[in-house]
Structures are given as structure tokens and as C-alpha cells.
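Written out below as C-alpha cells is the structure these notes cover.
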Amino acid sequence: GGTFAGTYVISGNLFNTSSAGVGTHAVRYRYTDINGCVDSCAFNIIVYDIPSAPQLNKVPNVTFACTGDILSAVVLTSGTGGSGSCEDQYRFSTDNGMTWSSWSTTIPSFSAVTGVNIIEARRFCNTNRCPSDITSISWNVNAPITAVNISVVPAGDVCLGATGVQYTANVTGGTGPF
């Protein structure tokens, strides 16, 4: 058997990335065979920075939107961290995250669809496998109003000073109460 050694090696064969921090760290493995012969090897472990996703604000900045509204986002804070070539990426869903557009460097702008519509953001770096967190914003999108019918009782024209004129609105579609 053998043993690992290095400044941030813990519990025999575990490397503590949090204590080590970003950078290159040397680890040595020393082993002895059944005849008592000893040898060792050294290798480096590279710890990469974890990128942070951009922070977004909704456009329009409302909880509820209507079908057909244009939904988008503005970047409050760009993504940070990571190593190598990094970029902020965005995608959207109009069915509560069941399906998604492809990740893109362009902030989505799309027509709202009834249900939950979402925009997500991440920071993607091509030199390592350390993913950023994903931030998201969402809207509850209401169904469109399909018809409004107004009735007046009594029907027709009315005289000045008449009392008892009553209007009634009948709305279909949309989200009540109206």
C-alpha cells in the first residue's frame, strides 16, 4: 500500500480544495511493495475558481404578465470568476422549464405564453468543468381576454336625469376576478 502526502491532503487520500484555494498544488504518493522496495511519484492538482452567474432583473419588472407581452432581462451584475475563456450565457422557457432554448450569449427577448415563463443565466468557462450557479427570473403569464360584452338596461337611448340605467360587463378569457 501507499500514502498520499501534501499540504492539503486529509484523511489519507482526500484533497481539501477549499483549504488549498485556487492554483496548482503538489501531491506525493509513496508506496512500498511486498519486498520492501520503496518508490514515490509526484503530481499536481489544479484547483479552478468557481464562476458566479450574472444577476438579472426582469423586463417588465412585474410578477404577472399577459400573453403576448415581450419578456426580457437586463443584467444587474455580470458573471465573474472562472478561468480561461469565460462568457455569460442565457436561455428561456415558456412552459415552466419543461423545454428550453439553447444557451446563448444574447439576452432573450420573447413573446409571453400563458403559464410560467423563465429566463436563466450562467457563466460558462471552456477550460474546466467547474459550473457556475444558475440564476433565474420568472413571470406568471395570464391567458388573454378573448371577449368583452357590454349590455345596458334599459336598452337603447336614455333621457337626461333618467335613473336605473345599469351597465353589465361580461368578460371571457383572461384571469379573474374582473
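The values are calculated or read from the model by the stated rules, or taken from the named source; none is laboratory data. Just so it is clear, the model here is predicted, and its values are computed rather than measured. FYI the Cβ positions are ideal-geometry reconstructions off the backbone, even for glycines, and counts take in every protein chain you see. For accessibility, only protein heavy atoms count, side chains too; no ligands or nucleic acids. Shrake-Rupley method; radii C 1.70, N 1.55, O 1.52, S 1.80 Å.
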Scan (1) farther than 30 Å from Asn117 by Cβ; (2) open to solvent by less than 50 Å² (accessible area, probe 1.4 Å); (3) of a type outside the set (S, T, N, Q) for the single condition Tyr31 breaks and write down its number. (2)
Residues in region 97-105: is at least one closer than 28 Å to Thr127 by Cα and either out of contact with any strand residue (DSSP E or B) (no Cβ under 8 Å at 6 or more places or on another chain) or of a type in the set (Lys, Arg) (or both)? no
Consider Val152 against the criteria (1) surrounded by 10 or more Cβ atoms within 10 Å (Cβ to Cβ); (2) at pLDDT 70 or above; (3) part of a strand (DSSP E or B); (4) β-branched (Val, Ile, Thr): it satisfies all of them except one. Which criterion is unmet? (2)
Condition (residue is of a type in the set (S, T, N, Q), touching a helix residue (DSSP H, G or I) at 6+ places or on another chain (Cβ under 9 Å) and not in a strand (DSSP E or B)) applied to region 7-27: is it met by at least one residue? yes
Would you check which residues across region 36-74 are β-branched (Val, Ile, Thr) and over 30 Å from Thr127 (Cα atoms) and list them? Val38, Val59, Val62, Thr63, Thr67, Ile70
Residues in region 8-16: is at least one under 40 Å from the mean Cα position of the chain (by Cα), on the phi < 0 side of the Ramachandran plot and touching a residue at least 24 places away in the same chain (Cβ under 8 Å)? yes
Which residue out of Asn44, Asn61 is free of Cβ contacts under 8 Å to residues at least 12 places away in the same chain and polar (S, T, N, Q)? Asn61
Out of the strands (runs of 3 or more DSSP E) lying entirely within region 43-145, which hold 3 or more residues that are open to solvent by 40 Å² or more (accessible area, probe 1.4 Å), modelled with pLDDT of 95 or more and under 28 Å from Thr24 (Cβ atoms)? none
Selection over region 12-21 where residues are within 16 Å of Asp49 (Cα to Cα) and exposed (fewer than 13 other Cβ atoms within 10 Å of the Cβ) yields a count of 3
If I ask for residues that are of a type in the set (A, V, I, L, M, F, W, C), touching a residue at least 60 places away in the same chain (Cβ under 8 Å) and farther than 19 Å from Pro51 by Cβ, which ones from region 68-101 would you list? Leu71
